[in-house]
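Structure first, commentary second.
The values are calculated or read from the model by the stated rules, or taken from the named source; none is laboratory data. Predicted model only: the values in this text are computed from it and were never measured. Cβ placement follows ideal geometry from the backbone for every residue including glycine, while neighbour counts extend to all protein chains displayed. With ligands, DNA and RNA removed, areas are computed over all heavy atoms of the protein, side chains included. Shrake-Rupley method; radii C 1.70, N 1.55, O 1.52, S 1.80 Å.
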Amino acid sequence: MTTFTSSTIEIPDARRVPRHIAIIMDGNGRWARQRYLPRVAGHRRGLDAVRTIVRACIERGVGFLTLFAFSSENWRRPAEEVSFLMQLFVVALEQEVGKLHENGVRFKVIGELDRFDPELRRLVREAEALTAGNQQLTLTIAANYGGRWDILQAANRMLRDRPELASGFSERDLAPYLALNHAPEPDLFVRTGGEQRISNFVLWQLAYTELYFTDTLWPDFDAGALDRAIVSYQQRERRFGRTSEQLPADTGLALFRAGNTHPAD
Ligand code: IPE
Ligand code: IPE
Ligand code: MG
C-alpha cells in the first residue's frame, strides 16, 4: 500500500492543482429555505452539486476528493431529516456507482458505519469492492464521521494490534489506522455556506491544509466556484514551518506567485 507524506514529519510536495480537496458541503437547508422549500429539497439539490464537483475534479486532475456528507453530530437533527438523508444515500449509491466506476472513480466511505442499516452497509461494501482498482479519482464520502472519533478509533485499533505501544507511540505508528490513510493529507479544505469552522471534520490531516471558506451555498457550488477555490489555493505560500526565503525558487508555489493562476493552464 502507498504511504503518504506526513506534513509534520516531511515537507510535502505542494502541487499547482491540489492533489486532495476536502469539502464540508454546507448550506443545503438555507438554500431550500430561501426558496420556501422543505430542507430536504436542498439535500436533493446538494446531490446534483456532488455530481458536478466530482466531474470537475476529474477534469482538473484532482486525485482525491473527500466530501463530508453526515457528521457524528448530525444524528441530533429531526428524525425525518436524518431518515431522508439515509434514503438519499441509498438512492445515490444505487444510481451513481455504475457511472462512477465507468469514469474510473475509486469510491470509499469513512465513518462509523455500524449505525447505518444493513442495506446501506452492503451497498457501501459492494461499491468499494467494485471500484477498488480505479485510479482516476478517489472519492471519499465521510458519513457518520467525526475527526475525534477517527483519532480515537485509530488509537484503539492500534493498541489492540500492538499492545506494546501503550507506553508510547509515534505519528508513524498511528497513521495506518486513520480512516483516511488511503489518501494524502488534503491540500485544500473548502467549506461552503458561510460558516467558518471545522465542525469535527478531518482534524488530524488538516494540520497544514489551506483553508477556504465561501458564502456560496452547497447546491449552488459549481465548477466556476471550485475554480475560484483552486485559484485562491494557488495564491497561497505553503511554508510548512519554513520562512519565505527558504522556499525553493523552482517550486510550484513560486509559479503560483508568478502570475497566471488558472488551474487548467
Ligand atoms: C449540509 O447542509 C448538509 C448536511 C449537514 C447533511 P445543511 O443541512 O447543514 O444546511 P444548512 O446549514 O442548514 O443551511
Ligand atoms: C457539517 O455541517 C457536516 C456536514 C456538512 C455533513 P453542519 O451544518 O452539520 O455543521 P454545524 O453543526 O453547523 O457546524
Ligand atoms: Mg449546516
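Structure data summary
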| item | result |
| --- | --- |
| The stretch 218-247 residues that are within 30 Å of ARG39 (Cβ to Cβ) and of a type in the set (D, E, K, R), paired with ones that are in a helix (DSSP H, G or I) and open to solvent by less than 40 Å² (accessible area, probe 1.4 Å) (beta carbon under 7 Å, 6 or more apart) | ASP220/TRP31 |
| Residue check, GLU210 among the charged types (D, E, K, R) and at pLDDT 95 or above | yes |
| Among (1) within 16 Å of ligand 1 (Cβ to nearest atom); (2) surrounded by fewer than 21 Cβ atoms within 10 Å (Cβ to Cβ); (3) on the phi < 0 side of the Ramachandran plot - the single one ARG16 does not satisfy | (1) |
| Close pairs (6 angstrom Cβ cut-off, 6 or more residues apart or separate chains): aliphatic (A, V, I, L, M) in the stretch 64-81, part of a strand (DSSP E or B) anywhere | LEU65/ILE21; LEU65/LEU139; LEU67/ILE23; LEU67/ILE141; ALA69/ILE141; ALA69/ALA143 |
| All positions within the stretch 172-192 that are within 16 Å of the chain's Cα centre (by Cα) and over 15 Å from PHE4 (Cβ atoms) | LEU188, PHE189, VAL190, ARG191, THR192 |
| GLY46, sole failed condition from (1) within 16 Å of ligand 2 (Cβ to nearest atom); (2) more than 25 Å from GLN196 (Cα to Cα) | (2) |
| Among the candidates VAL82, VAL97, VAL50, VAL91, residue that is surrounded by 15 or more Cβ atoms within 10 Å (Cβ to Cβ), of a type in the set (Val, Ile, Thr), farther than 17 Å from LEU217 by Cβ and modelled with pLDDT of 95 or more | VAL97 |
| Residue under evaluation ALA142, criteria (1) surrounded by fewer than 18 Cβ atoms within 10 Å (Cβ to Cβ); (2) within 19 Å of the chain's Cα centre (by Cα), criterion not met | (1) |
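Here's the yes/no breakdown for (1) open to solvent by 50 Å² or more (accessible area, probe 1.4 Å); (2) within 23 Å of LEU65 (Cα to Cα); (3) of a type outside the set (Ser, Thr, Tyr):
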residue: LEU152; (1), (2), (3): yes, no, yes
residue: ALA175; (1), (2), (3): no, yes, yes
residue: ALA183; (1), (2), (3): no, yes, yes
residue: VAL190; (1), (2), (3): no, yes, yes
residue: ALA207; (1), (2), (3): yes, yes, yes
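For every residue, the table says whether it meets (1) assigned to a helix (DSSP H, G or I); (2) under 14 Å from LEU226 (Cα atoms); (3) within 12 Å of ligand 3 (Cβ to nearest atom).
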| residue | (1), (2), (3) |
| --- | --- |
| HIS43 | yes, no, yes |
| VAL50 | yes, yes, no |
| GLU73 | yes, no, yes |
| SER83 | yes, no, no |
